[in-house]
Amino acid sequence: PDTYLSEILIFAKPIAKAIEKAFDCNRVNMITVGLEVPHAHIHLLPTNHIQDLDLSKPKLKFSKDEFENIQKSIIRFL
């Protein structure tokens with residue numbers, strides 16, 4: 001429903017702004033991909049070039065500590 005869509009976008013906006021500040025990127029793009037899990041979700045991707053949106057590229061690998069540092073950096077800007 002439209003209300004769910006609008007709520008997801010409003011919820012994602014401050015997170016996208018925080019990602020934009022936490023990463024060296026020109027913008028944050030949003031992609032919806034629903035093949036891998038049976039629920040609605042969005043991907044917020046820090047982006048500098050169109051190639052950054054190529055989902056066929058191998059996924060980046062991070063250690064638990066690296067993920068936690070990324071999380072803290074994003075939260076700091078919320």
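The values are calculated or read from the model by the stated rules, or taken from the named source; none is laboratory data. Just so it is clear, the model here is predicted, and its values are computed rather than measured. Note: ideal-geometry Cβ built from the backbone for every residue, glycine included; neighbour counts use all protein chains shown. Ligands, DNA and RNA are excluded from the accessible area calculation, which covers all protein heavy atoms including side chains. Shrake-Rupley method; radii C 1.70, N 1.55, O 1.52, S 1.80 Å.
Within the range 49-65, residues that are in a loop (DSSP other than H, G, I, E, B) and open to solvent by 100 Å² or more (accessible area, probe 1.4 Å) reach partners that are among the hydrophobic types (A, V, I, L, M, F, W, C) and at pLDDT below 95 with beta carbons closer than 9 Å, at six or more positions or on different chains, in the pairs Leu55/Ile31; Leu55/Val33.
Across the range 15-48, the qualifying residues are those that are at pLDDT 90 or above and open to solvent by 70 Å² or more (accessible area, probe 1.4 Å), and the one among them that is nearest to Asn69 (Cα to Cα) is Phe23. For the range 12-23, the condition holds for at least one residue, the condition being that it is free of Cβ contacts under 8 Å to residues at least 24 places away in the same chain and part of a helix (DSSP H, G or I).
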